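Q: I am attaching a structure below and will ask some questions about it afterwards.
Read-outs throughout are calculated quantities, based only on the coordinates presented, and are distinct from any laboratory measurement. On a predicted model such as this, the values are computed, not experimentally measured, just so you know. Methodologically, a virtual Cβ is constructed for each residue, glycine included, from the backbone with ideal geometry; neighbour enumeration extends over all protein chains shown.
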Amino acid sequence: MSIATRRGDDGTTGLLNGGRVPKDHPRIEALGAFDELNVEIGAARMLAGDQEARELLRAIQSSLVAVMGEVAGTGEEDSGKARRRYARLAQEDLDRLDKALEALESRAPHMEGWATPGGTPEALALDRARVAARRAERRLVAQTGGGGGVRPLLMQWTNRLSDVLWLMARAAEPRD
């Protein structure tokens, strides 16, 4: 079976529940933003200098798969129409980010003003992931006109993720 189905030649794409929407539909914009975020986190993971950071970033990527499944419409709102059941984001995914946030803040350098990305390749990759997370968050909100209809856990997780990535980037910069 080829990946090129040609069904999208008319400017539409398929959802996991079997429906089709235009490729510029807010749901597809959100999915695309989370897909880009997953790539950026993969790049940051590749450059991460320590095992703990790599493990956290890998866990975040696993959580992203669950987020993308929900955004694609595999949740309860599809009344079981989805062709495949994907894992849903769980409270433990948010708890993992909160725990990482607490640990990073406990050892973060005091900063005043704006950070200047680019101190190291690892820090730059983490900052790129952070801005991708914020873009994905905006697309998630836009998909439902202000966030209504999206499980609050998805909004909380996505918001917290960018904070974690910001702190990871600062930790990866050289100390002056």
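Q: Springs between alpha-carbon atoms under 10 Å, Gaussian network over the chain: tell me which of GLN51, GLN61, GLN143 tops the mean-square fluctuations.
A: In this elastic network of the chain, the residue with the biggest mean-square fluctuation among GLN51, GLN61, GLN143 is GLN51.
Q: Moving on. Among 4-16, 27-39, 129-141, what's the highest-first ranking by average C-beta atoms within 10 angstrom per residue? Working shown, then result.
A: Details: 4-16: 12.2, 27-39: 20.3, 129-141: 21.8.
Put in order of decreasing packing, that is 129-141, 27-39, 4-16.
Q: Here's another thing I want to ask about it. Give me the one-decimal nm value for the distance between modelled label points at HIS25 and VAL131, 7 Å along each residue's Cα-to-Cβ direction.
A: The modelled label-to-label distance comes out at 3.0 nm.
Q: Let me ask something additional. When the chain is fully extended, how far beyond the present Cα-Cα distance does THR116 get from ARG151, taking 0.36 nm per residue of separation?
A: Details: separation 35, 0.36 × 35 = 12.60 nm, distance 3.36 nm.
The span from THR116 to ARG151 would gain 9.2 nm if fully extended.
Q: Subtracting the Cα-Cα distance from 0.36 nm times the residue separation, let me have the gained length for ARG6 to THR144 in nm, one decimal.
A: Numbers: separation 138, 0.36 × 138 = 49.68 nm, distance 2.85 nm.
Here the segment from ARG6 to THR144 would lengthen by 46.8 nm.
Q: Right, another one. Using the C-alpha atoms of the stretch 22-171, what convex hull volume per residue, in cubic angstrom, is computed?
A: Details: hull volume 18.0 nm³, N = 150.
Spelled out: Cα convex hull of the stretch 22-171, divided by residues, is 120 Å³.
Q: Taking only complete DSSP H runs, can you tell me which helices of the chain stretch 15 Å or more along their own long axis by Cα positions and average at least -0.5 on the Kyte-Doolittle scale? Each step should come with its number before you reach the end.
A: Values: long enough: 26-47 (32 Å, 0.35); 51-71 (30 Å, 0.35); 91-107 (25 Å, -1.14); 121-143 (33 Å, -0.44); 152-171 (29 Å, 0.31).
Both cut-offs are met by 26-47, 51-71, 121-143, 152-171.
Q: In whole angstrom, and with the biggest value first, how far do the Cα coordinates of the stretch 29-68 range along each principal axis?
A: 33, 16, 7
Q: While we're on this one: Determine the calculated [θ] at 222 nm for the chain from helices alone, applying -39500 (n - 2.57) to every DSSP H run no shorter than 4 residues and normalising by the residue count; nearest 500 deg cm²/dmol.
A: -20000 deg cm²/dmol
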